[in-house]
Amino acid sequence: MLTLYHHPASPSSAKVRFVLQEKSVAWEGAIVDLYRGEQFSAAYLAINEAAVVPTLVHDGRPVRESLVICEYLEEAFPETPLAPADLAVRARMRVWCKDIETFMSVSLAGTIFPANDRHELAKLAPKQLDTYFEHHLNRRLAERRRAWMTEGYASPDARNSVLTYHKFLQKMEFQLGRSEWLVGNSFSLADIETAPYVGVLELLQFQNWWADRLPHVRAWYEKIKARPAFRSAVVDVVPDQLRHDIAKRGAEAWPAVEAIIATAEPFNGKSPWAMRAEAL
Amino acid sequence: MLTLYHFPSSVCAAKVRLVLYEKEVPWESKIIEILKGEQFQPWYVALNPNAVVPTLVHDEQPVVESAVICEYLDDVFPDPPLRPADLVDRSVMRIWASDVDTYMNGICAGITYPATHRHEVLKLSPEELQRFYDGHTDKDKLARRKRLIEQGYQAPDAKHAVLVYDRFLTKLEDQLAKTGAWLAGKTYSIADAAATPYLVRLDMLNYQEWWRHSRPRLDDWYERIKARPSFQPAMIDVMPAKFMADMGTRGSGYWPEVREILKDAGVW
């Protein structure tokens, strides 16, 4: 029996759903309403002390951290393998996944919160909002979120997040110019882990981020979208009203995001990121 | 053919050496003098674009990131296994191995630099020092490092590092209370290898009182770690004798200052 505690619009939840659907494993979903602070409830903290989604509960035992959950599913359900058989390529896949955690995961909040989440939180009564921030275990994140609520993309921290996100997309572009999928020439957990971070930009109607600038990313994302598992795990799972709200807010926020992207340093083969991709 | 590019006192490199000795596979050692900036040489950056140790080269294929290298070694040399057979325990192992990297790697520099590495770096000639600073591509990291070198334990980063380290020791103690044996369950695993260098660091600095004071399970775990045949070659024999001696002497002198930081914060 598999239960996934997740949120429809969270990329880290989406990766796990994507793996479950690719493997055609039956699972039950339990939505954790992040906009109402449900992740801080005692019941949820008992299975996830870090108060983040997702958590997978398999036969009563919780497994945490999206990347770790995906590796867990790969080993627990080895049919339809999603890790390369070649062990050196598998190591490269793990390095790629670690890079997503290090760069994309940490810059995601600053990239999308000013566009969307802050409007959801603005619906809370002032007292509820205070409680929401008080519940944060990570004080620094709470302070950053407060800044994003009031300053939006003008906050230097949000700006840096957008630039980091952009750099990672450029790294993808560089890599996809050299191989068919992100790591080597077969679809793997590296693609699954990355796809929701592009999917969330599409939800926000930020497609222009890659449509003209990053042709390899565009082609890769088309291939990803053609996979039925992606559609059901990442796209269809978002309720219509939420999709509509996110799209509307994202469209309003896009000019500010685009203005930040315009200031990014050019990415060339000499940057450490590109060299890293080259060495892989 | 296995070659490990490493440095004796690097915590990330040490965990890979532990795994190699646990598996008893032969490997060739190549030291990269990270305190002299050798990691920034173009040929090394071509192997490891992050310019950090360790790098494993297996039959001419480079493998980077210490946590990934450990899993790679367990994939390629499955006997003895260093990942728990129980898959949920294995997920716990992965969280520990990755959290140690994410949260403790920089913190470890924060407690070591003020006591020892700082004095090594201050020995460099002005030109060498400049070259060392110039080699850093990450400006924030460079600024932190400069503060540690110039202000020692009085640098705000160092005080912060001491308190995070203390919480890490408590987390280890709590986890061992939960499992009763090793960090990720009933068997020794990569999680234990990943945590070992952080205790060795305190041990070498003569800061043993830090964990012995109030963490009996951690003390017992560390004794069991030291009794394993992998410990001596991976953690001790590799260290230059003078470096070990300097670290112990210098550390002994700094322990009262570290304990003061803990007392001031009300955690001692």
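Coordinate-derived values only; no laboratory data. All values reported here derive from a predicted model rather than from experimental measurement. Neighbour counts are summed over all protein chains in view; Cβ atoms, including those assigned to glycine, are modelled from backbone coordinates with ideal geometry.
Within 15 Å, Cβ to Cβ, of A:ALA253, how many net charges do the neighbouring residues add up to if Lys/Arg are +1 and Asp/Glu are -1? List each step's numbers first, then the result.
Numbers: positive: A:ARG118, A:ARG159, A:LYS248, A:ARG249; negative: A:ASP117, A:GLU120, A:GLU151, A:GLU202, A:ASP245, A:GLU252, A:GLU258.
Summing Lys and Arg as +1 and Asp and Glu as -1 gives -3.
Separation of segment B:241-267 and segment A:230-251 by C-alpha centroid, Å?
54
May I ask you to sort B:TYR72, A:TYR153 by Cβ crowding, counting other Cβ atoms within 10 Å and putting the fewest first? Don't jump to the answer; show the numbers that get you there.
Details: B:TYR72 25, A:TYR153 20.
Least to most surrounded, the residues fall as A:TYR153, B:TYR72.
Classify chain B from the C-alpha gyration tensor, please: rounded if a/c falls under 1.5, else prolate or oblate depending on whether a/b exceeds b/c.
Oblate, since a/c reaches 1.5 and b/c is not below a/b.
So, with +1 on the Cβ of K and R and -1 on the Cβ of D and E, and no other charges, what is the size of the charge dipole of the protein assembly as shown about its Cα centre, to the nearest 20 debye?
880
Show which lysines lie in cross-link reach of B:LYS23 when reach means a straight Cα distance below 19 angstrom and same-chain residues fewer than eight apart are skipped.
B:LYS15, B:LYS186, B:LYS226
Which one, A:ALA251, B:ALA67, B:GLY253, is farthest towards the positive end of the dipole of the protein assembly as shown when Lys and Arg carry +1 and Asp and Glu -1 on their Cβ?
Looking along the dipole axis, the top candidate is B:GLY253.
Of B:PRO84, B:ILE236, B:TYR5, which is farthest on the positive side of the dipole of chain B, counting Cα position, with +1 on Lys and Arg Cβ, -1 on Asp and Glu Cβ, and the Cα centre as origin?
The listed residue farthest towards the positive side: B:ILE236.
Where in chain A are the helices, taken as whole DSSP H runs, whose Cα atoms extend 24 angstrom or more along the long axis and whose Kyte-Doolittle mean reaches at least -1.0?
Numbers: long enough: A:156-176 (30 Å, -0.60); A:240-261 (29 Å, -0.27).
Correct list, ordered by number: A:156-176, A:240-261.
Rounded to the nearest 0.05, what FRET efficiency is calculated for A:GLN207 and A:ARG146 with R0 set to 35 Å and r the Cβ-Cβ distance?
0.70
Among B:LYS178, B:LYS36, which comes first, then next, by fewest other beta-carbon atoms within 10 Å?
The fewest-first ordering by Cβ neighbours comes to B:LYS178, B:LYS36.
Note down the nm distance, to one decimal, between modelled labels 7 Å out along Cα→Cβ at B:GLU209 and at B:GLN61.
With each label point 7 Å from Cα toward Cβ, the separation is 5.0 nm.
How are the alpha carbon pair distances in chain A distributed across 5 Å bins from zero to the largest one, expressed in percent?
1, 5, 12, 17, 19, 18, 14, 9, 4, 1, 0
Which of the lysines could be linked to B:LYS159 by a straight reach, that is with a Cα gap under 20 Å, when you skip same-chain ones fewer than 8 residues away?
Output for B:LYS159: B:LYS141, B:LYS146, B:LYS171, B:LYS263.
Name the residue farthest towards the positive end of the dipole of segment A:87-279 from the options A:ILE260, A:LEU214, A:PHE174, assuming +1 on Cβ of Lys and Arg, -1 on Cβ of Asp and Glu, about the Cα centre.
Working it through, the farthest residue towards the positive pole turns out to be A:PHE174.
Based only on other Cβ atoms within 10 Å, what is the fewest-to-most ordering of B:GLU223, B:GLU128?
Exposure proxy ranking, most exposed first: B:GLU223, B:GLU128.
Under the classification rounded if a/c is under 1.5, otherwise prolate if a/b is larger than b/c and oblate if not, where does the protein assembly as shown fall, given a ≥ b ≥ c as square roots of the Cα gyration tensor eigenvalues?
Here the protein assembly as shown falls in the rounded category.
Multiply the residue separation of A:ARG36 and A:ASN138 by 0.36 nm, subtract the distance between their alpha-carbon atoms, and state the gained length in nm to one decimal. Intermediate results must be reported in sequence, preceding the final value.
Values: separation 102, 0.36 × 102 = 36.72 nm, distance 1.73 nm.
Result: 35.0 nm gained on full extension.
Considering amide H positions built from the backbone, and no H for Pro or chain starts, which residues 5 or more places from A:GLY29, or on another chain, come under 5 Å of its amide H?
Amide H to amide H, under 5 Å and 5 or more residues apart or across chains, A:GLY29 pairs with A:LEU4.
For A:LYS98, which lysines qualify as cross-link partners when the Cα separation must be under 16 Å and same-chain residues fewer than eight apart are set aside?
Within the straight-line cut-off, A:LYS98 pairs with A:LYS15, A:LYS167, A:LYS171.
Pairs of alpha-carbon atoms within less than 8 angstrom and 6+ residues apart define the contacts here; what relative contact order does chain A have, in percent?
23
What value, in deg cm²/dmol to 500, does the helix sum -39500 (n - 2.57) over DSSP H runs of n ≥ 4 give at 222 nm once divided by the residues of the protein assembly as shown?
Theoretical 222 nm ellipticity from helices: -17500 deg cm²/dmol.
I need to check one value: relative contact order of chain B, counting alpha carbon pairs closer than 8 Å and at least 6 residues apart, in percent.
Dividing the mean separation by the residue count of chain B yields 23 percent.
With the cut-off at 1.5 for a/c, could you classify segment B:1-127 from its C-alpha gyration tensor as rounded, prolate or oblate?
Oblate, since a/c reaches 1.5 and b/c is not below a/b.
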